[in-house]
Amino acid sequence: MTKVRVRFAPSPTGELHIGGARTALFNYLFARRNSGTFVLRIDDTDLERSKEEYTEKLMEALQWLGLEWDEGPFYQSNRLNEYISEVNRLVAEKKAYRCYCSVDELAAGRELARKENRAYLYPGTCRQHFPEEDDHRSKAGIKPAIRLLTPEDGETIVYDLIRGEVHFDNRGLDDFIILKSNGQPTYNFASVVDDLQLKISHVIRAEEHLSNTPRQVLCAMALGYQLPTYAHVPMILAPDRSKLSKRHGATSVEEFRNLGFLPEALINYMALLGWSPGAEDGVSELIGIEHMIELFSLARVGKTAAVYDTDKLTWMNGQYLREYDLDRLAEAARPFFIKHGFLRENPGEMELHFLKAVIAVVRERAKTLIELAEKSFYFYSDDFAYDQKALDKAFKNKGVAAILLDIAGLLKALNTFDQNVTETVFNEYCAKNNISPGKVIQPVRLAITGLGGGPGLFEIMELLGPARTIRRIQQAAASIRNTPQ
RNA sequence: GGCCCCUUCGUCUAAUCGGUUAGGACACCAGCCUUUCAAGCUGGCAGCAGGGGUUCGAAUCCCCUAGGGGUCACCA
């Protein structure tokens, strides 16, 4: 068996989106599952659109997701000599030829084909002009592009692990350009040279590349190398079933990160888009990366494009949020708390300790880190309005202000303020006055949090401490008295 | 338009060689639990794109139609 070597080869023309990230994930899982090597390559042959900052962001996103690569990054822009020498070889072997057709000429041909409603194929104008005849043109300073000489009939077959044999009629393939007149290789060529020279055993990539694969197969055959095995994974579509783009809201890994999703949740969610672990009944879909590596197989990758659904991602994130290691969660949540002004840029020991305590309580009802921070506001600010619905429910009863004042008085008399003590105080008060606990707890909750729901009241009070708790209860009582019923 | 791929609940998916009341998850609805809100538990709603074959029997195999997606550049 040849050693498994796979690659993820993004072009640095934008942020890493969920489709690319999932392709990277599948490559990673496949490599790990088969004790292979995961190579990162940056396909930056398009000088116009490639940007270094995107390369940085791409790598940052991969690292954040935990998809560590074993080799690379290799840059196509650094490998120009390899491509040129391979192109020269093909020209020398008469498997490729110089083309002097102008861009305008070609565009006109395409335009005509479009008008006549037929597919455009390069007519092979320059096929006959083998080297000698080109001399005078090159002397005139015209730079040629190089085209691959492709077969006129027969078929090219792509062997795909997910789709089986895919046949392409060679009559539908023309002599495409492998080296542009500016001296840069085209994607189809550079990619093949790299895959071959890097000894990639399996090319796992998105389905959008399937139609280009016969061209790559032709390149590889002309170059005389052994072909890698292909696996074209289904696309991830936007909710409107179209290809992902900016107008679809959050699509990039970075955006999901900023929206408060955890990398493990995103990984878990993406893995299930197209791949299925086998789905026996009652088996959880919550799968950590290690378990995923054990279970992964391309045979269980489906053929249908998936529409991503943020609801399920959100649910999954909530699941991870609850189980996460508290220290790591606090670390991940920090920026979100800072953004709300709940935390300083360089918080001290005490603040971090308090942060963890708050998170431990609030995370039970948050699904994203944004929500986690938002739902923690009353631990950091006295300045909040009462929720109207909760107010109508909890503050409307006649004796509420008096009850609040009673409670404030009882709390004030306490030496210790932990949740066991305060709960006992509440219970005794209710029993003595024959009031149901809810009639006391809910108004107090509203007084100290402004909300009708949330964590256990006694947990909140302990975290908040006696001073703030009592003050808020007294203020609530006062505001009820001052409001005409 | 040519070529290529695809088609199971709203969404993600399962159903190894054709025989299942077509299963699970998210979302949604209801109930239970609870000081509340979540979580959790229980139950419910909901699908084989359509039409022909083949077969005793088809979600599963074949053909056609429809729909979706991809690709056809001196982009990747």
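Coordinate-derived values only; no laboratory data. Computed from a predicted model, the values in this text were never measured in an experiment. Note that we place each Cβ from the backbone using ideal geometry, even for glycine, and neighbour counts take in every protein chain shown.
Tabulated results
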{"quantity": "Sequence of A:Thr314, A:Thr23 once ranked by neighbouring C-beta atoms within 10 Å, starting from the fewest", "calculated": "A:Thr314, A:Thr23"}
{"quantity": "Using a Förster distance of 25 Å, the FRET efficiency for A:Ser35-A:Leu286 (Cβ separation, nearest 0.05)", "calculated": "0.45"}
{"quantity": "Cβ-based exposure ranking for A:Asp160, A:Asp44, in which fewest neighbours within 10 Å come first", "calculated": "A:Asp160, A:Asp44"}
{"quantity": "Residue order, fewest to most surrounding Cβ atoms within 10 angstrom, among A:His209, A:His291, A:His17", "calculated": "A:His291, A:His209, A:His17"}
{"quantity": "17 Å reach of a label modelled at A:Lys439, 7 Å along Cα-to-Cβ, counting backbone N of region A:407-421", "calculated": "A:407-408"}
{"quantity": "Charge dipole magnitude, Cβ of K and R +1, D and E -1 - region A:361-433, Cα centre, debye nearest 20", "calculated": "260"}
{"quantity": "Nearest-ten-degree value, helix A:80-92 long axis tilted from longest Cα axis of chain A", "calculated": "30"}
{"quantity": "Amide H contacts of A:Leu149 (H built 1.01 Å from N, under 5 Å, at least 5 apart or other chain)", "calculated": "A:Ala96, A:Tyr97"}
{"quantity": "Point-charge dipole on Cβ atoms (K/R +1, D/E -1) for region A:47-188, about Cα centre, debye to 20", "calculated": "580"}
{"quantity": "Signed unit charges on C-beta, dipole axis of chain A, positive-most listed residue A:Leu196, A:Asn427, A:Pro228", "calculated": "A:Asn427"}
{"quantity": "Net length gained if the chain between A:Ser77 and A:Lys115 were fully extended (0.36 nm per residue, minus Cα distance)", "calculated": "9.9 nm"}
{"quantity": "Per-selection Rg to Rh, region A:388-482 - Cα, Kirkwood hydrodynamic radius", "calculated": "0.92"}
{"quantity": "Extreme residue, positive dipole direction of region A:388-482, given options A:Asn415, A:Pro455, A:Leu405 (C-beta unit charges)", "calculated": "A:Leu405"}
{"quantity": "FRET efficiency, A:Lys51 to A:Gln419 (Cβ-Cβ, R0 60 Å, nearest 0.05)", "calculated": "0.65"}
{"quantity": "Cysteines having no other Cys beta carbon under 4.7 Å from their own, within chain A", "calculated": "A:Cys101, A:Cys219, A:Cys430"}
{"quantity": "Within chain A: Cβ-based charge dipole about Cα centre, in debye rounded to nearest 20 (Lys, Arg +1; Asp, Glu -1)", "calculated": "1160"}
{"quantity": "Degrees, to the nearest 10: A:400-412 long Cα axis against longest axis of chain A", "calculated": "90"}
{"quantity": "Farthest positive-ward along chain A dipole, Cα basis, beta-carbon charges - from A:Phe395, A:Ala9, A:Ala360", "calculated": "A:Phe395"}
{"quantity": "Contour excess over end-to-end distance, with Cα ends at A:Asp311 and A:Glu331 and 0.36 nm allotted per residue", "calculated": "4.7 nm"}
{"quantity": "Acute angle (nearest 10 degrees) that the helix A:326-339 long axis makes with the longest principal axis of chain A, alpha-carbon atoms", "calculated": "90"}
{"quantity": "Cβ-derived FRET efficiency at R0 35 Å, A:Leu410 paired with A:Arg344, nearest 0.05", "calculated": "0.50"}
{"quantity": "Label-point separation in nm, A:Gln388 to A:Lys432, each point 7 Å along Cα→Cβ", "calculated": "3.8"}
{"quantity": "Structure-based [θ]222 nm, chain A - -39500 (n - 2.57) summed over DSSP H runs of at least 4, per residue, nearest 500", "calculated": "-15000 deg cm²/dmol"}
